[in-house]
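The values are calculated or read from the model by the stated rules, or taken from the named source; none is laboratory data. Worth saying up front: this structure is predicted, and the values here are computed from it rather than measured. Neighbour counts are summed over all protein chains in view; Cβ atoms, including those assigned to glycine, are modelled from backbone coordinates with ideal geometry.
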Amino acid sequence: RQEQYRALRDVPAITRDGVRIGLHLNAGLLVDLGHLVETGAEGVGLFRTELQFMVAQRMPSAAEQQALYRAVLTASGDKPVTIRTLDIGGDKILPYMPKLEEENPALGWRAIRIGLDRPALLRVQLRALLKASDGHPLKIMFPMVATVDEFVRARAIVDREKAHLRRHGYTLPVDCQLGAMVEVPSLLFQIDEIAREADFLSVGSNDLMQFLFAVDRENRRVADRFDPLSVAAMRAFRLIAERGAAANCPVTVCGEIGGRPLDAMALVGLGFRNFSMSPAAIGPVKAMVLSIEAAAVAELIDTEMARMHDGDSLRPALAAFAKAR
Ligand code: PEP
Ligand code: MG
């Protein structure tokens, strides 16, 4: 199996009916970048910056942050990297920060909420990112965006930092794109607006499923209770794919779902063309892509979704379809 996947490394991920699928890597530490070459991934679709903060004994300095981002961008060469701003809080605790007593940490003070309430932290990180890019393209995305206004405010902070650096003679990124994670269900109901405002969107299916079904993603007793291939979830995914395309806003899926071949196949059928996943998932997902016709999957999904009621899962039908390939 492993050998088989390795042989696919330089084979482009194109379906049998000619649909090109972008396979990218999820990463969080510099060592992860080695997987870019090893897997043949097209780039890093999600770089989780909180990892550097979580493994440190104290808050990483601006210089340390900049050094890591520079090293990440250098190690990726010409391959694009999407760097996510700090996603701390919830289950991601920094040992040197006072622990907040919150009844519901997943719903608490975390990610972009901290960034907007304590902009000094976000500003330091953004400045480090902008300096690190030094004339190269840069893609930054914000986690846990719940309203369009939060995205607009985060963008304003980036603009301020850019202006500051320009005044001080720094070279800005040639192309600086700003994206929003779609992982809080409220964005589903502002999807046209956020797709208009953001340069790109990335579906965080781990949190999106957690909040959509109100199931704690870490709680084994309930985590597997709802299927991301159920009609309710698939309608949510479809909405994002369709409205993103309508607004000409590129959409990637960076949650774990994109790394599971059958689930990723369903998402291809819904119209998603870019996925970001753990290194070990690239081979199996590419093998899936090479074996399917996107149009046939799309047709199957249309039929099944029209036929089923909420609560039912498309998994059995999709599994049967995949098996018959
Ligand atoms: C997600 O929520 O799907 C995601 C990619 O982010 P994280 O797993 O880091 O919360
Ligand atoms: Mg998330």
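At pLDDT 95 or above and either out of contact with any Pro (no Cβ under 7 Å at 6 or more places or on another chain) or charged (D, E, K, R) (or both): does that describe ASP224? For ASP224, the condition - at pLDDT 95 or above and either out of contact with any Pro (no Cβ under 7 Å at 6 or more places or on another chain) or charged (D, E, K, R) (or both) - is not met. At least 2 residues being farther than 14 Å from PRO279 by Cα is the threshold, and among the helices (runs of 4 or more DSSP H) wholly inside segment 1-71 those reaching it are 2-7, 50-55. Screening LEU212, LEU178, LEU187, LEU229 for residues that are surrounded by 18 or more Cβ atoms within 10 Å (Cβ to Cβ) and under 21 Å from LEU129 (Cβ atoms) leaves exactly one candidate, LEU178.
Filtering GLN57, GLN66 for residues that are within 20 Å of GLN177 (Cβ to Cβ) and either within 16 Å of ligand 2 (Cβ to nearest atom) or of a type in the set (S, T, N, Q) (or both) leaves a single hit, GLN66.
Scanning segment 189-212 for residues that are more than 15 Å from ligand 2 (Cβ to nearest atom), in a helix (DSSP H, G or I) and of a type outside the set (D, E, K, R) yields a count of 5.
Given the criterion of a type in the set (Asp, Glu) and within 14 Å of ligand 2 (Cβ to nearest atom), identify the matching residue among GLU103, GLU183.
Step by step, each of GLU103, GLU183 is checked, and only GLU183 is of a type in the set (Asp, Glu) and within 14 Å of ligand 2 (Cβ to nearest atom).
The condition of being among the aliphatic types (A, V, I, L, M), in contact with a Leu (Cβ under 7 Å, 6 or more places away or on another chain), away from ligand 1 (no atom under 16 Å from the Cβ) and touching a residue at least 40 places away in the same chain (Cβ under 8 Å) holds for only one of LEU188, LEU239, that being LEU239. Flag: ALA233 matches the condition of being without any contact (Cβ under 8 Å) to a residue 40 or more places away in the chain, assigned to a helix (DSSP H, G or I) and within 16 Å of ligand 2 (Cβ to nearest atom).
One residue stands out among those in segment 300-325 that are surrounded by fewer than 20 Cβ atoms within 10 Å (Cβ to Cβ), assigned to a helix (DSSP H, G or I) and free of Cβ contacts under 8 Å to residues at least 24 places away in the same chain: the one that is farthest from the chain's Cα centre (by Cα), which is ARG307.
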